[in-house]
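The values are calculated or read from the model by the stated rules, or taken from the named source; none is laboratory data. What you are looking at is a predicted structure, and each value in this text was computed from that prediction instead of being measured. Cβ placement follows ideal geometry from the backbone for every residue including glycine, while neighbour counts extend to all protein chains displayed.
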Amino acid sequence: MERVLVKKKSSFSKYGLGDKCFLIFGYTLLTAFVLAIILPMIYIVVASFMDPITLQNKGIVFDFSKWTLTAYERVMTNSQIWVGFKNAVIYSVVFSVVSVFITLLCAYPMSRDDFVGKKLFNTIFIITMFFGGGLIPTYLLISNIGLLDSMWAVILPGAFNVWNMIIARTYYKGIPSELREAADVDGANELVFFFRILLPVCTPLIAVLILWQFVGMWNSYFDAMIYLNSSSKQPLQLVLRSILIQNEPDPGMIADMQSTAQRAQLAELLKYATIIISSLPLIVMYPFFQKYFDSGIMVGSVKG
Amino acid sequence: MGKEMALTKSRGKSKLAQNITYIKQHWQLYIFFLGPALFLTILFRYVPMGGVLIAFQKYNPFKGILGSQWVGFKYFKQFLSSPDFLQYLANTLKLSIFGLLWGFPVPIILAFLLNRVGSSKLKQKIQLVLYMPNFISVIVLCGMVRILLSVTGPLNMMMGSSINYLTIPAAFRPIYIISGIWQGAGWASIMYTAALSNASQELKEAAQIDGANIFQQIKAVEWPAIKDMVVIQFILQAGNIMSIGFEKAYALQSDMNLSSSEIIATYVYKKGLLNGDYSYSTAVGLFNTVINVILLVLVNKVVEKMNDGQGL
């Protein structure tokens with residue numbers, strides 16, 4: 001232990017005075033930022049176990065007799081939350097699979113130098129990154145083709161992502177052309193080449209795109225808010241919205257409380273538990289994807 | 001000259017024939033590979049572009065675009081001459097411009113700081129924390145903000161005050177921008193961090209041997225490694241200042257802070273979908289899009305000048 005300290009000290013002492021000040025200032029700043037991220041989260045976690053009255057009057061108290069799991073019980077036994085979870089999983093899985101598949105398919109011809117019409121199609125796609133019809137015309141279209149209150153209204157309009165297509169195209173281009181020549185592709189077996197040879201060497205790309213699309217869909221609420229009316233089709237974020245933003249939890253969650261004040265306190269407490277339960281899956285899962293972030297980001301940062 | 005033209009002409013003819021053969025031979029590329037993406041793009045992107053015509057109509061859903069009455073620029077005039085217009089435009093611009101100016105440097109600074117963390121294990125742990133907020137949804141983020149800033153919340157308890165921050169118009173922008181940095185800065189620093197760690201190790205070592213201090217190393221080795229990326233990111237974000245997202249602004253709105261929190265996107269939603277003023281809100285949205293396109297083009301021009309004639 002002492003040795004390590006000495007070693008660190010000596011590596012630190014190789015810096016000049018200006019550099020030392022610079023480093024100390026830098027590390028302090030970084031620590032401050034890390035704390036600023038962690039502290040609010042810790043607060044929410046701890047507060048979620050507190051008894052509502054104590055929390056409101058005294059704030060966080062480390063008197064464990066005052067701690068309770070009531071909020072979690074109520075949230076976990078509420079059916080709306082679970083319906084929201086189920087829908088969010090369905091929409092996010094279907095969306096990320098459909099979207100990444102279509103994007104990967106489209107990027108393949110767009111990555112080929114000999115593809116006739118590449119410029120035209122490229123222009124068609126790029127224009128949509130700059131200009132669009134906007135909210136109302138899109139809404140009217142969805143309504144006219146009968147997709148209102150259908151999960152496809154949330155999934156299809158954003159399923160093809162031009163930016164991701166450019167990223168995938170750049171990635172394909174970085175794959176050695178020998179691979180292609182070895183496969184000796186002619187017109188007939190493009191599909192075989194794509195599925196058997198190209199996709200298997202694109203795992204990092206696929207992982208990153210799936211992650212982005214999944215998280216994007218999981219966390220969004222606007223499309224679901226405007227297109228889905230039935231409460232049985234609401235994704236998690238809309239259920240959360242009524243609890244966290246509109247202060248209107250499902251009446252069943254707080255109905256047994258006698259006074260309005262008690263109900264309000266409980267509704268407040270439910271927020272903490274709801275935040276934890278709903279955020280946990282992604283927060284727990286994402287470190288497993290961390291190794292793909294850097295490769296994915298490097299792919300994305302290359303000019304298309 | 002004439003000979004050249006004749007040559008290109010004959011080449012052009014055979015090129016067309018070549019292209020047709022190519023398409024026939026590679027029809028799979030067009031049908032299976034490009035087809036789905038093209039179909040979705042045309043249906044969900046280009047058809048609504050035609051739909052903006054209702055901005056120039058007194059649109060009646062039962063008569064459709066073909067049957068509705070044309071009114072020219074009536075709705076644009078109505079919006080531009082309304083007292084709300086300047087306020088909503090200013091709210092939109094202030095929110096995104098201040099957000100960009102405050103938020104843009106943070107990920108870059110974070111990346112430089114991370115790059116100075118010697119132990120790679122510690123660095124990875126810090127990164128794990130820094131990226132985490134990115135995986136929290138807008139709704140949960142806004143829910144957390146509401147809890148932390150509520151009248152009985154921890155901030156008020158610490159300050160011994162009882163201020164309801166979400167009802168104060170002046171507090172909306174700081175809340176929006178700070179929570180945005182809290183959530184996004186770590187994630188946005190990934191690409192800079194990756195570029196910095198790929199910066200030539202030899203150059204770094206050479207600089208160290210030459211006795212360059214940290215500041216000089218940053219100037220000579222690290223900054224050049226990310227400069228292009230910084231410029232591109234700035235353009236992309238500056239070009240998007242009019243397309244600031246609906247979701248977060250809407251989730252942080254309260255009836256009391258609307259004078260600073262109502263932006264064009266939320267206004268379009270309320271007017272169009274909640275009030276059913278289809279034509280009027282389409283006009284407002286179109287106005288927004290057109291400014292956005294102009295901005296993108298302008299920003300690109302500026303960069304071309306800065307970047308020796310190389311734009312995006």
Is it true that B:THR167 is surrounded by fewer than 19 Cβ atoms within 10 Å (Cβ to Cβ), facing another protein chain (nearest Cβ under 7 Å) and among the polar types (S, T, N, Q)? no
When you look at A:SER279, is it assigned to a helix (DSSP H, G or I), at the interface with another protein chain (Cβ under 9 Å from one of its Cβ atoms) and small (Gly, Ala, Ser), yes or no? yes
Note on the range A:41-51: residues within 10 Å of chain B (Cβ to nearest Cβ) and either touching a His at 6+ places or on another chain (Cβ under 6 Å) or surrounded by 19 or more Cβ atoms within 10 Å (Cβ to Cβ) (or both) are A:ILE44, A:ALA47
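Each row is one residue, and each column tells you yes or no for (1) under 23 Å from the mean Cα position of the chain (by Cα); (2) in contact (Cβ under 8 Å) with a residue 24 or more places away in the chain.
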{"residue": "A:TYR91", "(1), (2)": "yes, yes"}
{"residue": "A:VAL98", "(1), (2)": "yes, yes"}
{"residue": "A:PHE101", "(1), (2)": "yes, no"}
{"residue": "A:PRO109", "(1), (2)": "no, no"}
{"residue": "A:TYR139", "(1), (2)": "no, yes"}
Identify all residues within the range A:220-235 that are part of a helix (DSSP H, G or I), in contact (Cβ under 8 Å) with a residue 40 or more places away in the chain and in contact with a Leu (Cβ under 8 Å, 6 or more places away or on another chain); write none if there are none. A:ALA224, A:ILE226, A:TYR227
Return yes when A:TRP212 is of a type outside the set (S, T, N, Q), within 15 Å of the chain's Cα centre (by Cα), closer than 26 Å to B:GLY245 by Cβ and modelled with pLDDT under 90 and no when it is not. yes
Lone qualifier among A:SER65, A:SER92 - being of a type in the set (Gly, Ala, Ser), at pLDDT 80 or above and assigned to a helix (DSSP H, G or I): A:SER92
Residues satisfying the stated conditions in the range A:136-169, i.e. assigned to a loop (DSSP other than H, G, I, E, B), more than 9 Å from chain B (Cβ to nearest Cβ) and under 17 Å from B:THR41 (Cα atoms): A:LEU147, A:ASN161
All helices (runs of 4 or more DSSP H) inside the range B:16-98 with 2 or more residues being away from every other protein chain (no Cβ under 14 Å): B:74-81
Using the structure shown, decide if A:VAL98 is more than 12 Å from chain B (Cβ to nearest Cβ) and part of a helix (DSSP H, G or I). no
Tell me whether the range A:178-193 contains one or more residues that are within 24 Å of the chain's Cα centre (by Cα) and either small (Gly, Ala, Ser) or over 24 Å from B:GLY186 (Cβ atoms) (or both). no
Could we say that A:ALA224 is over 23 Å from the mean Cα position of the chain (by Cα) and at pLDDT 80 or above here? no
Any chance you could count how many residues in the range B:147-162 are at the interface with chain A (Cβ under 7 Å from one of its Cβ atoms) and either surrounded by 17 or more Cβ atoms within 10 Å (Cβ to Cβ) or in a helix (DSSP H, G or I) (or both)? 4
Among helices (runs of 4 or more DSSP H) entirely within the range B:201-312, at least 1 residues that are under 21 Å from B:PHE76 (Cβ atoms) and over 19 Å from the mean Cα position of the chain (by Cα) occur in B:278-306
